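The values are calculated or read from the model by the stated rules, or taken from the named source; none is laboratory data. Owing to the predicted nature of the structure, the values given are computational and were not obtained by experimental measurement. Backbone-built Cβ (ideal geometry, glycine too); neighbour counts: all protein chains shown. What goes into the accessible areas is simple: the full protein's heavy atoms, side chains included, and nothing from ligands, DNA or RNA. Shrake-Rupley method; radii C 1.70, N 1.55, O 1.52, S 1.80 Å.
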Amino acid sequence: MSSGGNSKLWGGRFTESTSDLMEAFSESVSFDRRLYRQDIAGSQAHARMLEKVGVLGAEDAKAIVEGLDAIRAEIEAGRFEWKSQLEDVHMNIESELTRRIGEAGKRLHTGRSRNDQVATDVRLYLRDAIDDLVGVIDRLALALLDLAEREADTVMPGFTHLQVAQPVTFGHHMLAWREQLMRDRSRLLDARRRTNVLPLGSAALAGTVYPIDRAFVAGLLGFDGVTENSLDAVSDRDFAIEFCACASLLMVHLSRWSEELILWSTPMFGFVALPDRFCTGSSIMPQKKNPDVPELVRGKTGRVIGDLQALLVLMKGQPLAYNRDNQEDKEPLFDAIDTVSACLRIYGELVPSIAVRRDRCAAAAAAGYSTATDLADYLVKKGLPFRDAHHAVGSAVARAVVVGCELSDLSLDELRGFSPLIEADVYERITLQGSLAARNHIGATSPEQVRAAIARARKSTGG
Ligand code: ARG
C-alpha cells in the first residue's frame, strides 16, 4: 500500500487506512463465515450467469467456479485463513479467489454488490436451515406418536387451573403436544415460501446496467423466484424476523411441555421418570435427580424470544435501502436456528425414553373428584337440567370432602340423598375408565379416539 492510502477492496477513495479499533468493531467474519457455502454457491451461480449473458468470458467463468470449489474444500478442511481485516465472509473469499486466479477473480463482482450478495446468502442459509429443522420436527412428532400409542389407555388427571379437572389419557396429552408441533412445522414451511426468493441482481440498491438473467441464477440456486423490487430486496430482513417469530412460538410450545415434565417428574406428582442419562445430580444433596433438559429448554425459550426482539428492533428505524445495521441480523438469526435445533433434537431423544408411571397417574386421577362432571351428565341423561345436576353433584362432592372419600365411596343411599334419580348403575359411570370411554368423538380423550387419531396421523405423514 502506498503511504496514506487504504488497501481494502473498497479503499480507492480513502486517504488513510482503517483504524484497528474500527476493524475490530466492524468485522463480521467471526460470525458470518458460516455462510461460506451459500456465499460460494451464490458467486458461482452469478459467474455462470455473467458468462451466459456474455459479460464474462468462458475461461474467466471456469477459473472462478473452479477457484471457488478449491476455496470451499480448503475451508472445509479447516485450512482457510480467515482475516478480520477483510471484514466479512464475502471479501475474505473474493480476496482469496483473486490471490489464486488473478484478473478473473476481480471480474466476479461485476453487476453485484455485497448488499444483494449478503441478502442472498442469508436467504439460502435460512432456507436450508428450515429444511433441516422440518426433518428434526418430523422425528420428534413421530416419537410423540409412538409414546401416545404406548400410553393410549393410560389414565391421568386432566387439569384446568392446575387443579384436577377430568380424567384424560396420557396418549391424548401427547397428541396435544404433537398438534402444537405440527402447526409450528407448517408455520416454518410457510415462512420458507417467502424466504426462498432471490435478491441477487438488485445490486447495491437500484439494479445493475448489465443484461443479467436473474431467473437463470434463481434456477441454479433452487430459488422459487426473484424479488420484485431492488430497494426492498437488499434491505428488508422480514423473512428472518418471520422465522424467529415461528421459532419463538415453537419454543413457547417446548417450554410448556418442559414445565409439565418438570412438574410431573417431582416426587409429589411422580407421573413420569426421566432417563438418568438426561438428568444431573446435586453436588450437595445426594438424593437429587434434576430434570435439566426441560429446564434448559424452558430457559432457552427466553433467548429465542430475545432473538426475535433483537431483529424487530434492529429493523424498525431503518430507511430504505441497505444500512449497515443489517449486519447485526446474523447472530440473533443463527442463535435462534441453533437453539431451536438443539432443543428439538434433544427432545427427539428424550421423548421415547420417558417412563410413564401409570399407577401414579391413575391414583392422581382417582383422587381429585375428576368424574364429578360424569355424575352430572348421568343426571342430565335421566332428565335433570344441567344446572340442577351441577348443583346436586357439587353438594355430593362437598360431602365426600367432609368424609374424606371419593364420590364412588359414597353409598347408593347417600348419593340418592342428593338426587333420587341416582341408581345402582351410577358406579360404572363414575369410574375413571367409564369417564374416559364415554368421551368418544373425534378430538376427545377416549382410548378408542386416541387410537383413531394416531392412525389418521400415521396415514397423513406416512409414519
Ligand atoms: N457484512 C455486511 C452485512 O452483513 C455485508 C454487506 C456490506 N455492505 C456494505 N455496503 N458495507 O450486511
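The residues of the stretch 1-39 that are under 32 Å from the mean Cα position of the chain (by Cα) and either open to solvent by 20 Å² or more (accessible area, probe 1.4 Å) or polar (S, T, N, Q) (or both), listed by number, are 25, 26, 27, 28, 30, 31, 33, 34, 36, 37, 38. The residue pairs whose first member lies in the stretch 312-330 and is more than 9 Å from the ligand (Cβ to nearest atom), whose second member is open to solvent by less than 60 Å² (accessible area, probe 1.4 Å) and among the β-branched types (Val, Ile, Thr), and whose beta carbons are closer than 7 Å, counting only pairs six or more residues apart or on different chains, are 312/241; 315/241; 321/234. The residue of the stretch 283-298 that is farthest from the ligand (Cβ to nearest atom), among those that are at pLDDT 95 or above and open to solvent by 80 Å² or more (accessible area, probe 1.4 Å), is 298. So, in the stretch 336-352, of the ones that are open to solvent by 30 Å² or more (accessible area, probe 1.4 Å) and not basic (Lys, Arg), which residue ends up nearest to the ligand (Cβ to nearest atom)? Of everything passing the filter in the stretch 336-352, 338 is nearest to the ligand (Cβ to nearest atom). Can you pull out the residues in the stretch 194-217 that are among the hydrophobic types (A, V, I, L, M, F, W, C) and touching a helix residue (DSSP H, G or I) at 6+ places or on another chain (Cβ under 8 Å)? Scanning the stretch 194-217 gives 197, 198, 200, 203, 204, 205, 206, 212, 216, 217. The single condition among (1) within 16 Å of the ligand (Cβ to nearest atom); (2) of a type outside the set (Ser, Thr, Tyr); (3) not in a helix (DSSP H, G or I) that residue 56 does not satisfy is (1). The set of residues from the stretch 220-244 being open to solvent by 40 Å² or more (accessible area, probe 1.4 Å), assigned to a helix (DSSP H, G or I) and under 16 Å from residue 194 (Cα atoms) comprises 232, 238, 242. The helices (runs of 4 or more DSSP H) located wholly in the stretch 357-463 that include 2 or more residues which are open to solvent by 50 Å² or more (accessible area, probe 1.4 Å), farther than 23 Å from residue 159 by Cβ and not hydrophobic (A, V, I, L, M, F, W, C) occupy 386-403, 412-416, 426-429, 447-461. No other residue among 81, 103 is over 36 Å from the mean Cα position of the chain (by Cα), open to solvent by 50 Å² or more (accessible area, probe 1.4 Å) and away from the ligand (no atom under 14 Å from the Cβ) apart from 103.
Looking at (1) over 20 Å from residue 203 (Cα atoms); (2) in contact with an Asp or Glu (Cβ under 7 Å, 6 or more places away or on another chain); (3) open to solvent by 10 Å² or more (accessible area, probe 1.4 Å); (4) more than 16 Å from the ligand (Cβ to nearest atom), which one does residue 163 not meet, given that it meets all the others? Answer for residue 163: the failing condition is (2). Take residue 42 and decide whether it is open to solvent by less than 40 Å² (accessible area, probe 1.4 Å), more than 16 Å from the ligand (Cβ to nearest atom), in a helix (DSSP H, G or I) and not aliphatic (A, V, I, L, M). Taking the combined requirement at face value, the residue does not satisfy it. Would you confirm whether any residue within the stretch 62-73 is open to solvent by 20 Å² or more (accessible area, probe 1.4 Å), more than 22 Å from residue 217 (Cα to Cα), modelled with pLDDT of 95 or more and assigned to a loop (DSSP other than H, G, I, E, B)? Looking through the stretch 62-73, none of the residues is open to solvent by 20 Å² or more (accessible area, probe 1.4 Å), more than 22 Å from residue 217 (Cα to Cα), modelled with pLDDT of 95 or more and assigned to a loop (DSSP other than H, G, I, E, B). Are any residues in the stretch 249-265 closer than 17 Å to residue 182 by Cβ and either crowded, with 23+ Cβ neighbours inside 10 Å or not basic (Lys, Arg) (or both), and if so, which ones? Hits for the stretch 249-265 are 249, 250, 251, 252, 253, 254, 257. With respect to the stated conditions, residue 154 fails to be β-branched (Val, Ile, Thr), modelled with pLDDT of 95 or more and surrounded by fewer than 22 Cβ atoms within 10 Å (Cβ to Cβ). Scanning the stretch 299-311 for residues that are away from the ligand (no atom under 16 Å from the Cβ), open to solvent by less than 40 Å² (accessible area, probe 1.4 Å) and not hydroxyl-bearing (Ser, Thr, Tyr) turns up 304, 306, 307, 308.
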